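**Student:** Have a look at the structure that comes next, please.
The values are calculated or read from the model by the stated rules, or taken from the named source; none is laboratory data. Only a predicted model underlies this, so the values are computations on that prediction, with no experimental measurement involved. Glycine also receives a Cβ, built like all others from the backbone with ideal geometry; neighbour counts cover every protein chain displayed.
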Amino acid sequence: MPVLDLANGYYDLPAGKLANIVTCLEMREMPHRALQPFPEGLWLKRFAPGDLAGHRALFRDVGSDLMWFSRLIMTDADLAAILANPAIESFALMQGPEMAGMLELNFAEKDQCELAFYGLVPSAIGQGLGRALMDEAIRRAWARPISRFWVHTCTFDSPLALPFYIRSGFTPYLRMVEVHDDPRLTGNLALDASPQVPLLG
């Protein structure tokens, strides 16, 4: 990965590009705090390899205002391979019959688990489901023989995300800059998605 070696200052981005600051966090052992039991009425439904439309629909519901777009530009074959990979557990958080959130745990790298995707649909925020889902993620991750559980978040995420991850037991260890095409200008997200990020041009 290239390392920036820039003088302090401001730099113009090319038209149509976005930049954000990514913070990587890790957890080296199971937290010592008591984990919240998974509440009655919540359950995890694993995505079937062929359920590309369902996966992308939930991905869009959870992530449109967080600038999530990676699964929307991925080929069907690549997404199907992810959902079929036994080392990757991709779930919908179900509240009764309704999809309330998304959780994906990636165990593909030896001795590690990445919290690849984690989030709630907007209507489910504020009900305590985020803590329940995180604690279930922690339980599932450390049920495997791993030595490291990690996640990354960025400045397009909710401002509550980073302190929430730290309270959950993750420790920041790396900061990166990500530059990419604005997915609203490429047609991968609606023009009114992520209104906290001004649309230019």
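**Student:** Can you say whether Arg184 is modelled with pLDDT of 95 or more, charged (D, E, K, R) and either loosely packed, with under 14 Cβ neighbours inside 10 Å or under 25 Å from Pro49 (Cα atoms) (or both), as far as the supplied structure shows? Give the steps one after another, and end with the answer.
**Tutor:** Working: modelled with pLDDT of 95 or more: yes; charged (D, E, K, R): yes; either loosely packed, with under 14 Cβ neighbours inside 10 Å or under 25 Å from Pro49 (Cα atoms) (or both): no.
Spelling it out, it is not the case that Arg184 is modelled with pLDDT of 95 or more, charged (D, E, K, R) and either loosely packed, with under 14 Cβ neighbours inside 10 Å or under 25 Å from Pro49 (Cα atoms) (or both).
**Student:** Condition test on Ile138, is it of a type outside the set (Gly, Ala, Ser) and in contact with an Asp or Glu (Cβ under 7 Å, 6 or more places away or on another chain)? Please lay out each step first, then the result.
**Tutor:** Details: of a type outside the set (Gly, Ala, Ser): yes; in contact with an Asp or Glu (Cβ under 7 Å, 6 or more places away or on another chain): no.
No: the conditions fail for Ile138.
**Student:** Within the stretch 142-162, restricting attention to residues that are of a type outside the set (Lys, Arg) and over 15 Å from the mean Cα position of the chain (by Cα), which residue is surrounded by the most Cβ atoms within 10 Å (Cβ to Cβ)? Walk me through how you get there before you give the answer.
**Tutor:** Residues of the stretch 142-162 of a type outside the set (Lys, Arg): 142-143, 145-147, 149-162.
Pick out the ones that are also over 15 Å from the mean Cα position of the chain (by Cα) and you get 142-143, 145-147.
Working: Trp142: 16, Ala143: 10, Pro145: 8, Ile146: 19, Ser147: 10.
Top of the filtered list is Ile146.
**Student:** Return the pair list, or none, for Cβ contacts closer than 9 Å from residues in the stretch 3-21 that are among the basic types (Lys, Arg) to residues that are modelled with pLDDT of 95 or more and assigned to a loop (DSSP other than H, G, I, E, B), at least 6 apart or on different chains.
**Tutor:** Close Cβ pairs (under 9 Å, with a partner that is modelled with pLDDT of 95 or more and assigned to a loop (DSSP other than H, G, I, E, B)) amount to Lys17/Asp182.
**Student:** Then there's this: Of a type in the set (D, E, K, R) and over 23 Å from Pro31 (Cβ atoms): which single residue out of Glu178, Glu109 fits that description?
**Tutor:** Glu178
**Student:** Then there's this: Return the pairs, sorted by first residue and then second, in which the second residue is outside any strand (DSSP E or B), the first residue lies in the stretch 79-91 and is hydroxyl-bearing (Ser, Thr, Tyr), the beta carbons are less than 6 Å apart, and the residues are 6+ apart or on different chains.
**Tutor:** Ser90/Phe47; Ser90/Leu83
**Student:** Do we find that Leu133 is at pLDDT 95 or above and closer than 11 Å to Tyr118 by Cβ in this structure? Lay out the reasoning, then the answer.
**Tutor:** On the way: at pLDDT 95 or above: yes; closer than 11 Å to Tyr118 by Cβ: yes.
Here the answer is yes, as Leu133 does meet what is asked.
**Student:** Tally up the residues in the stretch 88-116 that are over 16 Å from the mean Cα position of the chain (by Cα), small (Gly, Ala, Ser) and within 23 Å of Val22 (Cβ to Cβ), please.
**Tutor:** Qualifying residue count, the stretch 88-116: 1.
**Student:** A further question follows. Do we find that Ile82 is within 24 Å of Ala143 (Cα to Cα), β-branched (Val, Ile, Thr) and out of contact with any helix residue (DSSP H, G or I) (no Cβ under 8 Å at 6 or more places or on another chain) in this structure? Please lay out each step first, then the result.
**Tutor:** Details: within 24 Å of Ala143 (Cα to Cα): yes; β-branched (Val, Ile, Thr): yes; out of contact with any helix residue (DSSP H, G or I) (no Cβ under 8 Å at 6 or more places or on another chain): yes.
Yes.
A quick yes/no check of all residues on (1) in contact with a Leu (Cβ under 8 Å, 6 or more places away or on another chain); (2) more than 16 Å from Ala161 (Cα to Cα):
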site	(1), (2)
Gln95	yes, yes
Gly101	yes, no
Leu105	yes, yes
Glu109	no, yes
Pro122	no, no
Leu129	yes, no
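**Student:** Looking at (1) acidic (Asp, Glu); (2) under 28 Å from Leu160 (Cα atoms); (3) free of Cβ contacts under 8 Å to residues at least 40 places away in the same chain, can you tell me which one Asp76 breaks?
**Tutor:** With (1) acidic (Asp, Glu); (2) under 28 Å from Leu160 (Cα atoms); (3) free of Cβ contacts under 8 Å to residues at least 40 places away in the same chain applied to Asp76, the lone miss is (2).
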